[in-house]
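Structure first, then comments.
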Amino acid sequence: MEELKDIKPIVTILDDSFIDGAFIGLLIICILVGAYFIYKFFRKNKKFDKRKQSVLYLKSFDFQQDDKTLAYEFTKHGYITLEEHFRDEFIKIVKQLEIYKYKKDIPKIDEELKEQMKDYIKVRIR
């Protein structure tokens, strides 16, 4: 046995599987965070906000529809697009429209009020 000199003593081998796992976990987290920010960036650019949607709706508003629907839709989209310096004029129109909203049988909206609504949409909505 003394002649065998090529057998070496037991050595400890460094087990770096924990380091590999931590690196892969960190890499996955970085990829997920990057994907989230890319998703938010493209989603933000495609988002169509309510104000723009209401402006387009009011610009193409159909005054031939049911008077009750006309009153409700003008009020709803008008409040969304309302600018502070036109508030008094809008509130005046809305107060005139209240008699057409909350009753089952309503009279026809007079042409003067429709003209005020058209003028408000044409001049005040941007």
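Structure notes:
- Contact annotation: residue pairs with Cβ atoms under 7 Å, 6 or more positions apart or on different chains, pairing a residue in the stretch 67-78 that is without any contact (Cβ under 8 Å) to a residue 24 or more places away in the chain with a partner that is buried (at least 17 other Cβ atoms within 10 Å of the Cβ) and of a type in the set (G, A, S), are H77/S54.
- Single match in K40, K59 (criterion: out of contact with any Gly (no Cβ under 6 Å at 6 or more places or on another chain) and within 19 Å of Y120 (Cα to Cα)): K59
We did not get these values from a lab; they are worked out from the coordinates using the rules stated. Everything numeric in this text was worked out from a predicted model, so none of it was measured. All Cβ positions, even for glycine, are placed from backbone atoms using ideal geometry, and neighbour counts span all protein chains on display.
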